[in-house]
Amino acid sequence: MELKRVMDNVCWAFDGRKRLVSLNLTPSKQVYGEELFEFQGKEYREWNPFRSKMSAALYKGARPLELKEGDTVLYLGASSGTTVSHVSDIISNGGKVYAVEISEEMGVNLVLLSEIRKNIFPIIGDARKVGELGMAVTSCDFLYQDIAQRDQTDIFIKNVSKFLKRGGQAAIALKTKSIDVSADTRRIVDREVKKISEHFKILASIDLYPYQKGHSLIIIKKG
Ligand SMILES: C[S@@+](CC[C@H](N)C(=O)[O-])C[C@H]1O[C@@H](n2cnc3c(N)ncnc32)[C@H](O)[C@@H]1O
């Protein structure tokens, strides 16, 4: 087995095949049935690109995200916490991830996860309501959004404008079918990227196929 660093607490592991792993903040505990394994006295969790769009982007050649130990992260569309748990590994005990989820049903698992992982702060609420989010969050070093809604781009622009620090990086997992079921995927991505570029600098636009069909990850920098 060999490890090659990608970003804080994230590596490519080579053991006959290449897979992305994150250093497990809570050793011996799985979050979504992912494989755990030991290497040189440390425990790692496989970061599955079919379960996480952030992982899929790295498999598709995205440059390492500007997300590091100690960061404060605003995560919109947390669901039950699959990707949030890897963000929690990356930022480690010195960081905080505010995980926003609208569904109370999904929120139950997220709250349970936050009892084990102390750097996760769940917020059961609507990412559109930035005024309400502002009661818990003041600013963040990195913002991530994965919300399959028609107005996902507007939600992203609004939240990045309000919460991301100047010079910070953010990423949105765009689900084109949620914006328009009938239009051509490429055209929707181009249109949404253009809209985002009117506010922020676009660093990358990555089609996540075949790991996540109909999704692209758009990475931006706030000037
Ligand atoms: C595709 S899932 C997220 C998967 C998750 N990011 C992961 O990788 O583990 C999208 C989530 O966004 C949530 N969602 C949809 N609209 C929302 C909103 N306005 N505010 C917050 N969460 C929302 C949904 O309930 C759903 O759980």
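Just so it is clear, none of the values below were taken in a lab; they were calculated from the coordinates. From a predicted model like this one, the values you see are computed outputs, not experimental measurements. Methodologically, a virtual Cβ is constructed for each residue, glycine included, from the backbone with ideal geometry; neighbour enumeration extends over all protein chains shown.
Residues whose amide H lies under 5 Å from that of residue 168, counting only those 5 or more places away or on a different chain, are 222; hydrogens are built 1.01 Å from N in the peptide plane. Once the Cα atoms of helix 185-197 and of the chain are each reduced to a long axis, what angle between those two axes, in degrees from 0 to 90 to the nearest 10, is obtained? Value to nearest ten degrees: 80.
To the nearest ten degrees, helix 152-163 and the longest principal axis of the Cα atoms of the chain are 80 degrees apart.
Holding the Cα-Cα limit at 25 Å, pick out from 18/53; 18/165; 60/165; 18/221; 68/213 the pairs that are longer than that.
18/165; 60/165; 18/221; 68/213
Shown in residue order for region 145-151 are the 3J(HN,Hα) couplings computed by the Karplus curve 6.51 cos²θ - 1.76 cosθ + 1.60 at θ = phi - 60°: 10, 9, 10, 8, 10, 4, 9 Hz (x for Gly and Pro). Please give the helix 82-91 orientation as an angle from the longest Cα principal axis of the chain, in degrees from 0 to 90, rounded to the nearest 10. So the inclination is approximately 70 degrees. In this structure, the amide hydrogen of residue 203, modeled 1.01 Å from its nitrogen in the peptide plane, lies closer than 5 angstrom to those of 219, 220, 221, counting only residues at least 5 positions away or on a different chain.
Can you tell which of 197, 153, 82 lies farthest toward the positive end of the dipole of region 55-221, using +1 and -1 charges on the Cβ of basic and acidic side chains (Lys, Arg; Asp, Glu)? Value computed over the given set: 197.
Can you list the trypsin sites (Lys or Arg not before Pro) in region 16-47 that are in a DSSP coil and have 13 or fewer other beta carbons within 10 angstrom? Answer in residue order: 17.
Quote to one decimal, in nm, the extra length available between residue 29 and residue 42 on full extension: 0.36 nm per residue of separation minus the C-alpha distance between them.
Full extension from residue 29 to residue 42 adds 3.4 nm.
Placing +1 on the Cβ of every Lys and Arg and -1 on the Cβ of every Asp and Glu, with nothing else charged, gives region 20-148 a dipole about its Cα centre of roughly 220 debye. Rounding to the nearest 20 debye, state how big the charge dipole of region 2-48 is about its Cα centre with +1 on each Lys and Arg Cβ and -1 on each Asp and Glu Cβ. About 140 debye. Highest mobility in the GNM of the chain, judged by mean-square fluctuation with C-alpha springs under 10 Å and restricted to 152, 212, 30, is found for 30. Counting only residues at least eight positions apart within a chain, or on another chain, the aspartates and glutamates with an alpha carbon under 15 Å from that of residue 29 are 38, 43, 46, 89, 115. Can you tell me the FRET efficiency between residue 132 and residue 103 if r is taken as the Cβ-Cβ distance and R0 is 22 Å, rounded to the nearest 0.05? That gives a FRET efficiency of 0.85. Taking amide H positions as modeled 1.01 Å from N, with prolines and chain starts lacking one, the residues under 5 Å from residue 120 and 5 or more places away or on another chain are 97. The magnitude of the dipole of the chain, with charges of +1 and -1 set on the Cβ of Lys/Arg and Asp/Glu and taken from the Cα centre, is near 740 debye. Taking GluC sites (Glu not before Pro) across region 119-219, the ones in a DSSP loop with at most 12 further Cβ atoms lying within 10 angstrom of their Cβ are 198.
Put simply, region 55-221 fits an ellipsoid with semi-axes of 24, 17, 16 Å; these come from the alpha carbon gyration tensor as the roots of five times its eigenvalues, largest first. For region 1-75, the normalised intensity computed at q = 0.19, 0.26 Å⁻¹ comes to -0.84, -1.50 (log10 of I(q)/I(0), Debye sum over alpha carbons, equal scatterers, no solvent). Shape class of region 109-181 from the Cα gyration tensor (axes a ≥ b ≥ c, square roots of the eigenvalues): oblate, since a/c reaches 1.5 or more and a/b does not exceed b/c.
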